[in-house]
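Beneath this line is the structure, given in structure tokens, with notes to follow.
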Amino acid sequence: MYFRQIFLIASLTALIASVGFSLYQFAFVTPIIIAAEQYEVLSLTDNFTTEQPEVWAPEDGIERAGYTFLANFLMSLAYSLLLACAMVSRGSSSALKGLFWGIAAYLSFFVAPSLGLPPEIPGMEVADLNSRQNWWLLTVILTAAGLAVLNFSPRYYKGAGLILMLLPHLMGAPTPAIHGFQHPDPNIVSLLIGLWYQFILQASIANALLWLIIGITSGFLCHKFIDGNSTLQANFID
């Protein structure tokens, strides 16, 4: 019964968050990606004379938008479930408390990893995927743990929270052997660098919007549908 309430809250939150995130993404983020992909295709055509195996990708337009929205919804659902469970486990909820939870999640899931692995556009040289995924996951876990220690632990433990947050950056993020863009035209490289800076800015705003919606909506819905049932909440916390 209690899991069903949290899942329904997370589903509604994910629907609202994915709509807002996708609209912003379609308006400000996707055009940058499409522009970079044009130069990526030109780069591949210029540098490779042999035929490359065709990789499936959704067609531009409605099909691509549909798959993007589906991916955004599933991502938002996973994030909403995590945040709702964490919020309820700490006691009463509210939209204001949800706002602060959303900010903490934004710092953990986007800001901290982006300090070592900034958002990338098509055509960039990147490090090994497994190495990047492992470092991203480690950074998210340690940043979230560090923020939890800073917020919930006694004063004499708070220094450990800062150490946890700094540890992945002291270790260093994985980097490619050659950083940047490999397009042969320096003018195109300059253009791609400009697109990359725009992409970092817009991706940062889009993710901030996503987490603020998830945090505020989760806090409001948890307060409305869960806080009133003190028995269920006590059982969940225990």
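Here is how the numbers come out for the structure above:
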{"item": "Residue in the range 94-114 that is under 17 Å from I216 (Cα atoms), of a type in the set (G, A, S) and part of a loop (DSSP other than H, G, I, E, B) present", "result": "yes"}
{"item": "Inter-residue pairs, beta-carbon under 6 Å, first aromatic (F, W, Y) and in the range 24-37, second open to solvent by 50 Å² or more (accessible area, probe 1.4 Å), 6+ apart", "result": "Y24/L209"}
{"item": "Test for S108: is it surrounded by fewer than 19 Cβ atoms within 10 Å (Cβ to Cβ), within 15 Å of the chain's Cα centre (by Cα) and modelled with pLDDT of 95 or more", "result": "no"}
{"item": "So F236, is it open to solvent by 30 Å² or more (accessible area, probe 1.4 Å), over 15 Å from R90 (Cβ atoms), at pLDDT below 95 and not polar (S, T, N, Q)", "result": "no"}
{"item": "All positions within the range 144-180 that are part of a helix (DSSP H, G or I) and of a type in the set (S, T, N, Q)", "result": "N151"}
{"item": "Residue match in the range 186-205 (condition: surrounded by 14 or more Cβ atoms within 10 Å (Cβ to Cβ) and touching a Leu at 6+ places or on another chain (Cβ under 7 Å))", "result": "no"}
{"item": "So I34, is it exposed (fewer than 14 other Cβ atoms within 10 Å of the Cβ) and aliphatic (A, V, I, L, M)", "result": "yes"}
{"item": "Filter result for the condition that a residue is modelled with pLDDT of 95 or more, open to solvent by 70 Å² or more (accessible area, probe 1.4 Å) and not aromatic (F, W, Y), over Q182, Q133", "result": "Q133"}
{"item": "The range 153-170 residues that are modelled with pLDDT under 90 and among the aromatic types (F, W, Y), paired with ones that are assigned to a helix (DSSP H, G or I) and surrounded by 14 or more Cβ atoms within 10 Å (Cβ to Cβ) (beta carbon under 8 Å, 6 or more apart)", "result": "Y157/V149"}
{"item": "Residue satisfying all of: in the range 194-233; farther than 28 Å from M75 by Cβ and in a helix (DSSP H, G or I); modelled with the lowest pLDDT among these", "result": "T231"}
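The values are calculated or read from the model by the stated rules, or taken from the named source; none is laboratory data. None of the values given here were measured: they were computed from a predicted structure. Reconstructed Cβ throughout: ideal geometry from the backbone, glycine too, with neighbour counts over all protein chains shown. Just the protein is used for accessible areas: all its heavy atoms, side chains included, with ligands, DNA and RNA removed. Shrake-Rupley method; radii C 1.70, N 1.55, O 1.52, S 1.80 Å.
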